[in-house]
Every structure is written in C-alpha cells, then in structure tokens.
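Engineer: The structure under discussion is supplied below as structure tokens; questions concerning it will follow.
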Amino acid sequence: MYVVELQFECFDNTTISAVDAAINGLMDALRYNGQVLGREFPIVMDDGIFRVRAVCPEQDGLHSQFNSENVNAHIKRLNNACLLAPKIKLLGRDINSEAAAENLTPSWQVIYTTFVHTCSPLRCGETLMPIPLYRIGPTSNGDHKAILKWQTEWQACDEIQMAGGCKAEHATLHEIRDVDSDLFRRGWDLRGRIEFLTKIPTYYYQYRVGGDSLAAELERKCPKCNGDWRLDEPLHNLFHYKCDECRIVSNLSYDFQ
C-alpha cells in the first residue's frame with residue numbers, strides 16, 4: 001500500500017463547512033470504490049490549500065481511469081466549494097500494510113478479512129494478497145459500497161467475538177461462522193457477483209471455532225452440500241477445507257490448532 005496526499009486549492013472565497021462537505025464527500029466516494037483505505041481522513045488547512053493524507057492499494061490507485069461515476073460526480077462538485085480538482089502527491093510505501101496482488105487474474109480468489117485488516121477483502125487465491133476492488137469493476141450500484149459495508153460488519157463481529165467479554169460474543173460468532181446467518185448469506189451472494197464479473201472462481205471464507213473433538217472436526221463436511229472438503233495440506237497455512245462446488249473455504253477449528 002502507498003501513502004498519498006491530496007491537495008485541494010481554493011480559487012475563490014469559501015467556507016469551512018462547504019470545504020468539509022465537498023472533500024469528505026469525495027473521500028467517501030473514493031473509499032467506496034476501493035481507491036483509498038480506512039475510514040478517517042483528517043483535513044489540514046495550509047495557506048488556501050487543504051491537504052488530506054490517505055492510503056491507496058497501489059501507486060496509481062487514484063488515477064482517473066479507476067474512478068467510479070460517483071467519484072467523478074464528487075470531483076465536479078468541488079467547484080461548488082470553490083475548490084480545484086485535487087493534485088496527488090505520492091509520499092511513499094506504507095511499511096505497515098500489505099502489498100497489493102500483482103496477479104489480477106489468478107486461478108481462484110477468495111473473500112477473506114479479519115478485524116485487523118484494512119485492505120481489500122478480495123484476495124488472490126494463489127498468494128492471499130489483496131486485489132484492489134477498483135480493478136474488477138463495480139460490484140453493485142456503480143461501486144463497491146456493498147462489499148465494503150459487509151467487510152465493516154464482518155470485522156466488527158470478529159472483534160467482538162475475539163474479545164469475548166460480553167453476551168454479544170455468541171451472536172457475532174453466529175454471523176461469521178454459520179451459513180444461515182444474514183452476514184454469511186450476504187457475503188456469499190457478493191462472492192457470486194464478483195465471480196460473475198471476473199469469470200474467476202471466487203470463494204467465501206467461513207470462520208471456524210468450537211466443535212466437539214479433533215476427530216469430529218477432521219471429519220467435518222461442507223456446511224452447504226455436506227460433501228467431503230478437507231484438504232490433504234492446508235492452503236496458506238490457513239484453509240484446511242475447500243469446497244469447489246459451493247465455493248467455500250474454512251479453517252480447522254481454532255480450538256484444536
């Protein structure tokens with residue numbers, strides 16, 4: 001990932017509230033298109049120039065060729081706040097984040113995230129490196145808001161169940177573990193949409209914890225088709241199960257690792 005600075009120059013008198021609305025509207029649009037990562041974008045005023053720093057998946061992630069219609073609309077609206085289109089300054093590589101996948105057409109890919117990740121939830125199946133969402137075209141309603149909203153909810157559930165300090169632990173675990181949960185169904189449907197768009201087999205990650213015993217866990221069947229799906233060797237030291245029919249991968253229960 002790369003750190004960039006967006007510089008917005010005023011061409012006439014304006015107000016802070018107008019600038020705030022215009023810049024934050026654009027940053028939200030960029031976020032929902034996968035071009036910037038994270039949810040907070042501080043705005044700094046410096047002699048008529050407003051500066052915003054953000055993290056992008058790739059050096060050219062803010063190139064206009066990747067813009068959604070919503071991003072372009074918000075760029076035009078900058079004029080209403082007396083702002084010019086932003087100048088982009090690449091500050092350098094973010095050493096605390098993952099690099100984006102180089103192979104954009106892998107043999108398979110997977111929807112996978114955890115509460116500590118801010119990168120794209122779409123991962124290359126061969127390397128498990130994140131694939132920038134703007135590279136695959138809009139998944140719904142012109143951008144990727146639906147899958148990024150799903151990711152936010154999944155991560156919130158993951159963090160609550162990992163903390164394990166309240167009654168909500170069981171409800172949140174149900175959402176990321178069980179195939180009949182709303183979050184699972186929504187994520188699995190989005191997976192299908194991405195597979196349709198990319199023509200690449202796309203899998204959904206089922207989080208697994210619990211179970212009666214290691215022996216029973218090793219014999220666990222696919223939760224959708226009840227077929228055999230345990231792999232001889234885990235993929236990426238993470239996925240112990242993979243169903244090519246249902247497009248689901250999963251881990252050996254963390255209770256027995």
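The values are calculated or read from the model by the stated rules, or taken from the named source; none is laboratory data. The model shown is predicted, which means the values in this text are computed figures rather than measured ones. Note: ideal-geometry Cβ built from the backbone for every residue, glycine included; neighbour counts use all protein chains shown. Heavy atoms of the whole protein, side chains included, go into the accessibility calculation; ligands, DNA and RNA do not. Shrake-Rupley method; radii C 1.70, N 1.55, O 1.52, S 1.80 Å.
Engineer: Roughly how much of Met162 is accessible, in Å² to the nearest 10, using a 1.4 Å probe?
Structural biologist: 110
Engineer: Would you work out what percent of the accessible area of the stretch 107-169, with all protein chains in place, is carbon or sulfur (probe 1.4 Å)?
Structural biologist: 55
Engineer: A further question on this structure: Just by accessible area at a 1.4 angstrom probe, what is the order of Trp108, Trp154 from largest to smallest?
Structural biologist: Trp108, Trp154
Engineer: Once the Cα atoms of helix 145-163 and of the chain are each reduced to a long axis, what angle between those two axes, in degrees from 0 to 90 to the nearest 10, is obtained?
Structural biologist: Roughly 60 degrees, rounded to the nearest 10.
Engineer: Note down the relative contact order for the stretch 109-250 as a percent, whole number, built from C-alpha pairs under 8 angstrom at least six residues apart.
Structural biologist: RCO, the stretch 109-250: 19 percent.
Engineer: Using 0.36 nm times the number of residues separating Asn226 and Asn72, minus their current alpha carbon distance, what extension gain do you get?
Structural biologist: Result: 50.8 nm gained on full extension.
Engineer: The chain: longest stretch without exposed GluC sites (Glu not before Pro) (DSSP loop, at most 13 other Cβ within 10 Å), sites themselves excluded?
Structural biologist: 103-218
Engineer: Then there's this: Quick check: from the Cα gyration tensor, does the chain come out rounded (a/c under 1.5), prolate or oblate?
Structural biologist: Prolate, since a/c reaches 1.5 and a/b exceeds b/c.
Engineer: Report the relative contact order of the stretch 78-187, percent, no decimals, based on alpha-carbon pairs under 8 angstrom and at least 6 residues apart.
Structural biologist: Relative contact order here is 17 percent.
Engineer: Another one. Label points 7 Å out from Cα along the Cβ direction at Ala171 and Asp255: separation in nm?
Structural biologist: Here the modelled spin labels are 2.2 nm apart.
Engineer: Determine the order of Thr152, Thr139 by accessible area, beginning with the largest, at a probe radius of 1.4 Å.
Structural biologist: Final ranking, largest accessible area leading: Thr152, Thr139.
Engineer: Just to make sure I understand: if all protein chains stay in place, what is the order of His240, His170 by accessible area at 1.4 Å, largest first?
Structural biologist: His170, His240
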